[in-house]
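Novice: My questions all concern the structure below.
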Amino acid sequence: MQSCPGRFRLAQLLLEKQTIMNTTSTFAQNSLADSLRNPVFSLIDHLVRTNTAIAPAVLRVTLAAVMFPHGAQKLLGWYGGYGFSGTMGFFTGDMGVPWLLALGTILIEFFAPLLLVLGLGTRLAALCLGVVMTTAMFMAHVSNGFFMNWSGAQKGEGIEYFLLIIGIALAQVISGGGRWSADGAIRKALS
């Protein structure tokens, strides 16, 4: 730019400063955009994206609190469960589930709630729990109708509990972990 005489010099300096700031800002935006084009960063960004709303955090912790005892029953034998060996035997022997899927079910029901409490990998943990519960619902419970077996009159439990868990899991897949989640902290650190 050519220099301007007297009173126009201030306007020229302000215009030059604005041009430099715009160039720097565009560079920073392009660097972030370029790094997010990397498929790994793009995947991580999508998985940890969330907002600061409280409702997803409440759903996340509630889902973890409801599912953890089930996982602890299957893996550790807590809360009157059969533990790892007993559960594997039931899944593979009585139900005919392949051992790899049985192992995955046990590990998901135990570790996904722990991840949910932390808000770490919320979408993936909730998706895994949703898949496990949907499978359990169709394999063992849909034939028992809708309602829980409160009075003991049915052959087994109905699907209402499963629908609630699947709905909460789906809400977590859509919204992410919400406030107080490790996902939110990771996303903030990446941006």
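Novice: I'd like the Karplus ³J(HN,Hα) series for the stretch 137-142: coefficients 6.51, -1.76, 1.60, θ = phi - 60°, whole numbers in Hz, and an x wherever there's a Gly or Pro.
Specialist: 3J(HN,Hα) across the stretch 137-142, in whole Hz: 4, 6, 6, 10, 10, 4.
Novice: Same structure again: How large is ³J(HN,Hα), in whole Hz, for each residue of the stretch 125-130 in order, when computed from phi with the Karplus curve 6.51 cos²θ - 1.76 cosθ + 1.60 and θ = phi - 60°, using x for Gly and Pro?
Specialist: Listing the rounded values in order: 4, 5, 4, 4, 5, x Hz.
Novice: Which whole-number percent gives the relative contact order of the stretch 51-190, counting Cα pairs below 8 Å spaced six or more residues apart?
Specialist: Across the stretch 51-190, relative contact order equals 31 percent.
Novice: How large is the dipole of the stretch 34-191 about the Cα centre if only Lys and Arg carry +1 and Asp and Glu carry -1, each at its Cβ, rounded to the nearest 20 debye?
Specialist: Here the size comes out at about 380 debye.
Novice: Something else about it: Find how much the distance from residue 144 to residue 66 grows on full extension, using 0.36 nm per residue of separation minus their present alpha carbon separation; answer in nm with one decimal.
Specialist: Taking residue 144 through residue 66 to full extension adds about 25.9 nm, to one decimal.
Novice: In whole Hz and in residue order, list the ³J(HN,Hα) couplings for the stretch 71-76 that follow from phi through the Karplus curve 6.51 cos²θ - 1.76 cosθ + 1.60, θ = phi - 60°; x for Gly and Pro.
Specialist: x, 5, 4, 6, 8, 10
Taken together, the values in this text are just the output of simple stated rules run on the coordinates, not laboratory data. Nothing here was measured: the structure is a model prediction, and the numbers come from that model. Neighbour counts run over all protein chains shown; Cβ positions are idealised from the backbone, glycine included.
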